[in-house]
1. As I understand it, the value is the acute angle between the Cα axis of helix 84-99 and the longest principal axis of the Cα atoms of the chain; what does it come to in degrees, rounded to 10?
2. With runs of 4+ DSSP H residues as the only contributors, calculate the mean residue ellipticity of the chain at 222 nm using -39,500 (n - 2.57) per run, divided by the residue total and rounded to the nearest 500.
3. Lys and Arg at +1, Asp and Glu at -1: add these up for the other residues within a Cβ distance under 9 Å of VAL280 and post the number.
4. As I understand it, the value is the acute angle between the Cα axis of helix 316-328 and the longest principal axis of the Cα atoms of the chain; what does it come to in degrees, rounded to 10?
5. For the stretch 171-319, with all protein chains present and a 1.4 Å probe, just round the carbon and sulfur fraction of the accessible area to a whole percent.
6. With a ≥ b ≥ c taken as the square roots of the eigenvalues of the C-alpha gyration tensor of the chain, please select rounded if a/c is under 1.5 and otherwise prolate if a/b is larger than b/c or oblate if it is not?
7. Lys/Arg Cβ at +1, Asp/Glu Cβ at -1, dipole of the stretch 38-164 taken about the Cα centre: which of HIS128, PRO154, ALA58 is farthest positive-ward?
8. Where the only charges are on Cβ atoms (+1 Lys, Arg; -1 Asp, Glu), what is the dipole of the stretch 234-339 about its Cα centre, to the nearest 20 debye?
Amino acid sequence: MITFSATTILILGIVALLVLALGIWAASTANRLDRLHVRSDQSWQALDAALARRAVVARAIAMSVAADTTALASLADRAERADRGERETVENQLSAALSTVDIGDLRPQLVAELADAEARVLIARRFHNDAVRDTLALRTRRPVRLLHLGGTAPLPHYFEITERATPAASTGLEVHTTRTSARVVLLDERDRVLLLRGHDPQAPDVSFWFTVGGGVEPGENLREAAVRELHEETGHRADPSALRGPIWRRVAVFPFDGELTRSEELFFTLRVSRFEPRPVGLSQLERDTITGHRWCAPADIKALDARGESVYPYHLDELVAEAALAAAADTEPVVRSIR
């Protein structure tokens, strides 16, 4: 009969605990790497979409100006077709070509579209490179490499593209106002979103729809601003702790009332019983520009877009389900970038 001394049993116990601890660490690290790889992939998809949108805007510019812009259109086509290996080179060539465009030859809306497209590329590129940095920092650690915890996933790569001093610098356009906004995706019992209808004071014939919300005032945090704007624009008083989010982040560059505004918008979501909005604190400009409201199901939002009344944020009909899930969750969601 084999017997073990107390010392042997202690040593075996310590070894077993070390093996268990190593296994737990390895499983945790592998799961974290999986999440980081997913984040890197998603950030690349967002950057790819931003670059593709810039190519579309570049092609529109090439078609709208009188000068010979064959090279610009050709670069936009190449950028859309380029594989990952040559994408950086082509995109930087497109950046250089866009910087030579005389914005005096462009319609104001097209200038704003270009500024917005370049802002999105800048932000998406930073998000992507941040994700790559975090993934490589963990993936290249010696224990991770020795245990092959990264599996067979390829290493992610940074994407280097010329950045501008300001999001609109490449267009030569001055951004008059930069602001942070808190917005609320207000949902009723049937997952309908409350949208406000408005127009630019200098273009009263063109209507668009948007979620409740507005600029953060000095001394406010995002949640406080969201609750205040909700009350001012609808009359509804909300408990700040009932809001979920921010769930989304959107950066937009747009002309309004003769000025170009760059707005960073953070979206909360809130479930309420349907009510009839009665604004209580609109400014004179808001009273002049907000012309109506409507509780909209996803199908209603698609119908508004189809008849030429833009809805912001873009593709809101596809985002409603995500907002509804966040509104019902007990935990705060991870904010992600949208258009």
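1. Once rounded, the angle reads 30 degrees.
2. Taken over the chain, the calculation gives -16500 deg cm²/dmol.
3. Net of charged neighbours comes to -1.
4. 50
5. Accessible surface attributable to carbon and sulfur in the stretch 171-319 totals 47 percent.
6. It comes out oblate by the Cα gyration axes.
7. The one lying farthest along the dipole's positive direction is PRO154.
8. For this selection, approximately 140 debye.
The values are calculated or read from the model by the stated rules, or taken from the named source; none is laboratory data. Given the structure is predicted, the values throughout are model-derived calculations rather than measurements. As a convention, Cβ positions derive from the backbone with ideal geometry for all residues, glycine included, and neighbour counts pool all protein chains shown. Ligands, DNA and RNA are stripped out before the accessible areas are found, and what is left, the full protein with its side chains, is counted by its heavy atoms. Shrake-Rupley method; radii C 1.70, N 1.55, O 1.52, S 1.80 Å.
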